[in-house]
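The values are calculated or read from the model by the stated rules, or taken from the named source; none is laboratory data. Quick caveat: nothing in here was measured; it's all calculated off a predicted structure. Heads up, the Cβs are rebuilt from the backbone with ideal geometry, glycines too, and the neighbour counts pull from every protein chain shown.
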Amino acid sequence: MLHRTWRRAAIAAASLLTLTLVACSEEASDAKDLSGNRAGAMADYDVGTQFTATEPLSFSILYNNHPNYPLKNEWLFWSELTKGTNVKLEPVAVPLSDYEQKRSLLVGAGDAPLIIPKTYHPAENQFVSSGAILPVSDYLDLMPNFKEKIDKWGLKPEIDTLRQSDGKFYLLPGLHEKPWQEYTVAVRTDILDELKQPVPKTWDELYTVLKAMKAKYPDSYPYSDRWSKPTPGGALLRIAGSSFGTQAGWSFQHSTWDPAAGKFVYTGATEQYRQMIQYLNKLVTEGLLDPESFTQSDEAARQKLANGKSFVISSNAQTLVNDYRPDLAKTIPGAKLVNIPLPVGPAGEINPASRLENGVMISKKARDSKNFVAMMQFIDWLYYSDAGQEFAKWGIEGTTFVKDAAGKRMPAPDVDMIGLNPKGTKHLQKDFGFANGVFAYGGKLDLMQSFFSPEELEFQKVMNTRKPVDVPPPAPLTDAEREQVSLWETPLKDYVTQNTLKFILGQRPLTEWDAYVGELKAKNADQYIEVVNKAYERFKKDNG
Amino acid sequence: MVTVEAAETGETRRVTRRPKGIRPTRGYRVFQAVNAVILTGVVIVTLYPFVNIVARSLSDEAYIIAGRVNLVPRGFNLTTYKLVMSDALFWTNYRNTVVYTVVATVISIVLTTCYAYVLSKPRLKGRGALVGIAVFTMFFSGGLIPNYVLITSLGMKNTIWAVVVPNAINVFNLLVMKAFFESLPEELEEAAAVDGLNTYGTLLRIVLPLSKAIIATMVLFYAVSFWNSWFTAFLYLDQQEMFPVTVYLRNLIAGATGAQSAGGVAESDAVQAAATLQAVTIVLTTLPILAVYPFIQRYFVSGVMLGAVKG
């Protein structure tokens, strides 16, 4: 009896499986037929058109809830959005602290909202094989603004880096007209004046300056850095790495494109990587860079700076204004701290920032909705049209912002935003829901820079004269390959991180570099690169 | 109660009289001294972080940044307390925590008591299997996504039940309680049966009144764990108005420390909750549950030990 039951169960399971497979293969064939999905869509939607759904629609959206401006249902953003587009968004609020985890859970459980913003490439890779995410590249014809910006700003090479092994991409990234380099080094200029030193332009000049500081203040470590958790030296290695022509710290990637050789090489074994390590090692051995820079908490680094125990620290526009200056103002009156343009290294005058931003994924199930076309048009308008981007960032002209004669946007008299109008009693983010990280990013240069202080504008002006870094060609892995390399990635990355620190801190002499490269090979660095190069060749052959 | 007090006073009298009669040995005194030193050390180590947080919450930001706040607040002020307390969401979440904790604890106590009582009876058929089912869950679980799908299909998502039901029985607590019930003399229940009580009557009128110590302990265990829990709420709730205060706190702190939490790229809008803000929120969230301890603590030791030693 039992035996028979089991057999029946097995047959049932098998037939169920077959059914699912059949269902899956059927689905793929009608990818292009959108005739049943046009309810609510505009027939003449194009660049410059205000999107308004022809009937009231609502879409669910995963909402990254920021503790600085917690979600409010009465925000002007929601009501004005519905008024303008006839679309009501239904947010699923997820705390920012654990956004990625909830996103994986919801996608994995098949319960994800239709629109999934705030996804940083390559986080979408993990969802591609499950089939839960829409290959948006198939539907770009529905998104005129997105296409126009890619053409106008020459973003095709960047977009190609998002492609998967099937040649499609699954993430609609935020687009920048110009790269926006946020991170750099902040230097106490009052100390520079005192030492009669110029503002350093290159990493070598920075070395000279640090040396002079050390000579004057032997008890200090002139450079003590933050942003070391969870990635040791995350920010410092990232900015130094980019200037030396490699990728380290936060931006570490296992493979680096070598244009001369026409193939990928293993990042942690390159000459550029060695040079960066050598430079930082020199700083540490001469007592110019605090060895704790790679392990201490942000707060410890801030305290050292605030107490005059260090004079140089990694920085960005916000931390300079929000952290360092207020800290210093309370402890060392007269201290002047300035973000210097990113020091230039052997890689030349480059702007290492990417022109792509985090972006939007779309649930596959949206494709079956009768409002699918309208939804794509809506996303195109809100995230990629000039009008939509201005609306998301600044709100309504006359209510939340005003323009002067030159067309420069300013917050309305009673509205404040990051100190642009300290007299304003209401806050653009907290009280109105605009300039919200979920909706507002990227865009044209003047929009991008509209929140910048004059100081930051100056900094970006210098950075914009530098040439953007070349984008590596796409080398998308198949699922099987990805599974294989992910087994190698963790031990390799740990080993590179560990030894990078050992070399920099002098615990391992740089003469052992060749031995280290050999050890990387023993940990499958060569096989890893082989897989990537194979993927590169394959993609080139299949996609021209 | 009267007898207990009498016994206690008797005890103290004997202790105070002891120096006249038997002098504690040298070894014993050394042991006591070492003990006292070690325990004082432990007290300092455990107390310091808490006192430090309280001091920070009352200090001026500048002193915290300068690293000069240790045990005593500097630049005493209450502005941050006023700020946090004026956030409506904080109080909404706070209320949720209280409601979830109370409801969840009640459910847990009822279910755990019933289950443990049943399991403590040797005559129960399939007792081994029932214990096995419970213990199995200590080592294996279905995993995140299956659990999520289960809760969703039961229609509990975005309701209080998603928070208070799934973790209602803690197996460890169940086993402690089972051991406690097993230690009760069987004759007592036999006598109750002879006097005409059925199973429920025995449990409610005889066993439970004798189990105050263990129940108080379980209330403490459960209440603390529900008060501190955030993960189930985070998983199954989609609206911030329904979150417990722990999720609020976590978002505040994690958001403030992780400039590059989101996939290696920094948030363009700075996430900086001030140091005092964190401290204030931590103090406000932990205080109530700390206040529960002293009231339950006297049951605590006897409660856990009873089951353990006599079982």
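Look at (1) of a type outside the set (Val, Ile, Thr); (2) under 28 Å from residue A:35 (Cα atoms); (3) more than 8 Å from every other protein chain (Cβ to nearest Cβ) and you find that residue A:111 fails only one, number (3).
Could you check, for the stretch B:85-95, whether at least one of its residues is within 14 Å of chain A (Cβ to nearest Cβ) and modelled with pLDDT under 80? Show your work before the answer.
So the first thing to find is which residues in the stretch B:85-95 are within 14 Å of chain A (Cβ to nearest Cβ), and the list is B:86-93.
Among the residues that remain, those that are also modelled with pLDDT under 80 are: none.
No, the stretch B:85-95 has no match at all.
Restricting attention to the stretch A:303-315 and to residues that are surrounded by fewer than 23 Cβ atoms within 10 Å (Cβ to Cβ) and within 7 Å of another protein chain (Cβ to nearest Cβ), the residue that is nearest to the chain's Cα centre (by Cα) turns out to be A:303. Restricted to the stretch A:378-435, and to residues there that are at pLDDT 90 or above, polar (S, T, N, Q) and in contact with a strand residue (DSSP E or B) (Cβ under 9 Å, 6 or more places away or on another chain), the residue that is nearest to residue A:55 (Cα to Cα) is A:389. Of all residues in the stretch A:168-189, those that are under 14 Å from residue A:355 (Cβ atoms) have Cβ atoms under 9 Å from Cβ atoms of residues that are of a type in the set (D, E, K, R) and assigned to a strand (DSSP E or B), 6 or more apart or on another chain, in A:173/A:357; A:174/A:357; A:175/A:357; A:176/A:357; A:180/A:357.
Would you check if residue A:225 is touching a strand residue (DSSP E or B) at 6+ places or on another chain (Cβ under 6 Å) and surrounded by fewer than 18 Cβ atoms within 10 Å (Cβ to Cβ)?
Details: touching a strand residue (DSSP E or B) at 6+ places or on another chain (Cβ under 6 Å): yes; surrounded by fewer than 18 Cβ atoms within 10 Å (Cβ to Cβ): no.
In short, no.
Among the residues of the stretch A:50-82, those identified as acidic (Asp, Glu) and in a loop (DSSP other than H, G, I, E, B) are A:55, A:74. The residue that is surrounded by the most Cβ atoms within 10 Å (Cβ to Cβ), among those in the stretch B:193-202 that are in a helix (DSSP H, G or I) and over 34 Å from the mean Cα position of the chain (by Cα), is B:193. Could we say that residue A:49 is surrounded by fewer than 19 Cβ atoms within 10 Å (Cβ to Cβ) and among the β-branched types (Val, Ile, Thr) here? Criteria met by residue A:49.
Looking across the stretch B:122-179, the residues that are more than 14 Å from chain A (Cβ to nearest Cβ), under 25 Å from the mean Cα position of the chain (by Cα), assigned to a loop (DSSP other than H, G, I, E, B) and of a type in the set (A, V, I, L, M, F, W, C) come down to B:140, B:160, B:165, B:168, B:169.
Of the residues in the stretch B:2-55, how many are assigned to a helix (DSSP H, G or I) and modelled with pLDDT of 85 or more?
30
Can you tell me which residues in the stretch B:224-246 are under 19 Å from residue B:152 (Cβ atoms) and surrounded by fewer than 17 Cβ atoms within 10 Å (Cβ to Cβ)? Within the stretch B:224-246, B:231, B:239 qualify.
Conditions tested, residue by residue: (1) at pLDDT 85 or above; (2) in contact with a Leu (Cβ under 7 Å, 6 or more places away or on another chain).
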| site | (1), (2) |
| --- | --- |
| A:27 | no, no |
| A:36 | yes, no |
| A:75 | yes, no |
| A:92 | yes, yes |
| A:108 | yes, no |
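All of A:39, A:132 fail the test of being surrounded by fewer than 21 Cβ atoms within 10 Å (Cβ to Cβ), of a type in the set (A, V, I, L, M, F, W, C), more than 14 Å from chain B (Cβ to nearest Cβ) and in contact with a strand residue (DSSP E or B) (Cβ under 9 Å, 6 or more places away or on another chain), apart from A:39. Only one of B:173, B:158 is in contact (Cβ under 8 Å) with a residue 40 or more places away in the chain and surrounded by 18 or more Cβ atoms within 10 Å (Cβ to Cβ). Can you tell me which? Only one candidate qualifies: B:173.
Restricting attention to strands (runs of 3 or more DSSP E) lying wholly within the stretch A:325-440, give those where 3 or more residues are on the phi < 0 side of the Ramachandran plot and buried (at least 23 other Cβ atoms within 10 Å of the Cβ).
Working: elements: A:337-340, A:356-362, A:401-403, A:409-411.
Counting at least 3 such residues, we get A:356-362.
Any residue at all in the stretch A:441-455 that is crowded, with 20+ Cβ neighbours inside 10 Å and within 19 Å of residue A:79 (Cβ to Cβ)? Checking the stretch A:441-455: not a single residue is crowded, with 20+ Cβ neighbours inside 10 Å and within 19 Å of residue A:79 (Cβ to Cβ). Given B:48, B:63, which one is more than 14 Å from every other protein chain (Cβ to nearest Cβ) and surrounded by 10 or more Cβ atoms within 10 Å (Cβ to Cβ)? Result of the check over B:48, B:63: B:48.
Can you list the helices (runs of 4 or more DSSP H) lying wholly within the stretch A:178-289 that have 2 or more residues being hydroxyl-bearing (Ser, Thr, Tyr)? Break it down into steps so the answer makes sense when it comes.
Details: elements: A:189-195, A:203-216, A:234-243, A:271-285.
Of the helices (runs of 4 or more DSSP H) lying wholly inside the stretch A:178-289, those with at least 2 residues that are hydroxyl-bearing (Ser, Thr, Tyr) span A:203-216, A:234-243, A:271-285.
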